[in-house]
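Participant: Got a structure here, written out as structure tokens. Questions coming.
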Amino acid sequence: MTTNNKVALITGVTGQDGAYLAELLLNKGYEVHGIKRRSSLFNTDRIDHLYQDPHEPEVRFKLHHGDLTDSTSLIRIIQQVQPDEIYNLAAQSHVAVSFEEPEYTANADGMGALRILEAIRILGLEKKTRFYQASTSELYGLVQEIPQKETTPFYPRSPYAVAKLYAYWITVNYREAYGIYACNGILFNHESPLRGETFVTRKITRAVSRIALGLQDCLYLGNLSAKRDWGHARDYVEMQWLMLQQDKPEDFVIATGVQYSVREFVQIAAAELGITIAWEGQGEKETGIVAAVANPEVKCRVGDVVVKVDPRYFRPTEVETLLGDPTKAHQKLGWKPRTSFAELVKEMVLADHSAAKRDDLVRNAGYRVYSHHE
Ligand code: NDP
Ligand code: GDR
């Protein structure tokens, strides 16, 4: 592998996007540094395949302990690494959890971006270091225009989105005030087999796989009517990198321009395993019932109730519909999603079905298999 002499720093390197981005940048010849926070268990599953023994010469992937709520750690790491590019992907990224931990979410997701931008100033790196902020379609919240583009007004609907609104504007402000090459990627939902298990897509692909093997009876969900514009994380991290390679910093919407409901996601994921789901009832009483089974190996039977609504997954204020207009990214970055929605769902179901098969083997050998319903 040839090196390109560029140094990148990724916050949130242990997360979904961090893992895909680290791999992309290593393949492009970057020296990649990642910030991970201390945890009581290893939390590097997503990047273990990229690990390089720090005792070897010419290591190009290095991890540092730090936290977005701890300025001193950020300043120290940035001083040591002298990055050409910083990708701020770290966040308490779960919208529902942000209602339960609003202050921490504001601190990490809002103030965290400010701390990095200030570190760039304190260290005199305004002309050297380019900054990417992981902004979000959640900024549009109660949507003011369909589809949403860079000029659509924001109306955040959760502590998460309000914190991200601060991060968005502080990024714009530091660009204008200090001439830092700083930009916001306003990314719509993007998923993958590496997606955290409590986001709705992964929760669904994991559950239908386990239901098919008889490891779980029922999937409990919240708002089935919510609509999202879902793309693949692998495609989206490429745009994060491209945004930092332009002549001048700008903000971009990254989306597919197609939306599906949570209900449709369940149906399409289940169909991958040969299960047809029909919906009965409404609101809190709505259920997903097995209407047909095309695969003899599947353990559930016609008539089984495999999806139920549990109001505890409802959010105090919901974002009902998001649909992005990626025209600007298409024109200026040459953006076109590579992975279709059908391919995304298939890849996620296949990965979760393989994992469930391993659990099934363990169970059949007489060991207990734990199931996470959250
Ligand atoms: P994940 O939740 O998978 O990853 C978040 C990362 O941030 C993890 O590495 C996590 O560490 C780390 N982290 C959390 N809090 C802190 C902290 N206080 N200090 C340091 N690190 C911290 O998110 P995604 O990869 O899906 O998303 C990446 C970014 O993009 C996030 O900022 C998210 O809000 C944003 N975003 C995501 C979208 C999506 O659809 N995926 C869409 C639009 C924006 P640990 O592993 O220890 O938990
Ligand atoms: P979102 O993703 O809130 O869009 O934020 P999530 O997958 O959590 O929810 C999507 C929609 O599905 C509905 N829903 C459920 N959600 C979860 N998690 N669990 C359920 O059981 C359930 N049932 C229905 C939700 O109400 C919602 O409408 C993600 C995160 O990655 C953010 O960090 C990112 O900024 C946005 O995407 C863009």
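Participant: Just to check, using Stokes-Einstein with a Kirkwood Rh over alpha carbon pairs, what's the diffusion coefficient of the range 7-187 at 20 °C and 1.002 mPa s in µm²/s?
Facilitator: Result for D is 128 µm²/s.
Participant: Run lengths n ≥ 4 of DSSP H only: what is the helix-derived mean residue ellipticity at 222 nm for the chain, with -39500 (n - 2.57) per run over all residues, to the nearest 500?
Facilitator: -10500 deg cm²/dmol
Participant: If packing is taken as the average number of other Cβ atoms within 10 Å across a peptide's residues, how do 303-309, 202-208 rank, most packed first?
Facilitator: My ranking of the peptides, most packed first, is 202-208, 303-309.
Participant: Could I ask something else about it? With r as the distance between the Cβ atoms of VAL172 and GLU320 and R0 = 30 Å, compute the FRET efficiency 1/(1 + (r/R0)^6) and round to 0.05.
Facilitator: 0.65
Participant: If r is the Cβ-Cβ distance from LEU350 to ASN107 and R0 is 45 Å, what FRET efficiency results, to the nearest 0.05?
Facilitator: With a Förster radius of 45 Å, E is 0.75.
Participant: Now, a different point. Neighbouring Cβ atoms within 10 Å as the yardstick, rank ASP70, ASP229 fewest first.
Facilitator: Ranked by crowding around the Cβ, least crowded first: ASP70, ASP229.
Participant: Now a separate question. For the chain, just the Cα set please: Rg and Dmax, both in angstrom.
Facilitator: 21.3, 66
Participant: Which order do the peptides 52-59, 156-163 take when ranked by the mean count of other beta-carbon atoms within 10 Å per residue, highest first?
Facilitator: 156-163, 52-59
Participant: Between GLU284 and LYS336, what is the FRET efficiency for a Förster distance of 35 Å, r being their Cβ-Cβ separation, to the nearest 0.05?
Facilitator: 0.30
Participant: Of the candidates GLN133, GLN82, GLN16, which one comes out as most mobile in a Gaussian network treatment of the chain with C-alpha springs shorter than 10 Å?
Facilitator: In the Gaussian network model the winner is GLN82.
Participant: Would you be so kind as to identify all helices of the chain, as entire DSSP H runs, whose Cα atoms reach 30 Å or more along the helix's own axis and whose mean Kyte-Doolittle hydropathy is at least -1.0?
Facilitator: 341-364
Participant: When you count, for each residue, the other Cβ atoms within 10 Å and take the mean per peptide, how do 353-360, 270-277, 18-25, 281-288 rank with the highest first?
Facilitator: 18-25, 270-277, 353-360, 281-288
Participant: Now for a separate question. In terms of the Cα gyration tensor, with a ≥ b ≥ c the square roots of its eigenvalues, is the range 95-148 rounded because a/c is under 1.5, prolate because a/b exceeds b/c, or oblate?
Facilitator: Oblate shape, in that a/c is at least 1.5 and b/c is the bigger or equal ratio.
Taken together, the values in this text are just the output of simple stated rules run on the coordinates, not laboratory data. Given the structure is predicted, the values throughout are model-derived calculations rather than measurements. Please note: Cβ atoms are built from the backbone with ideal geometry, for glycine as well, and neighbour counts cover all protein chains shown.
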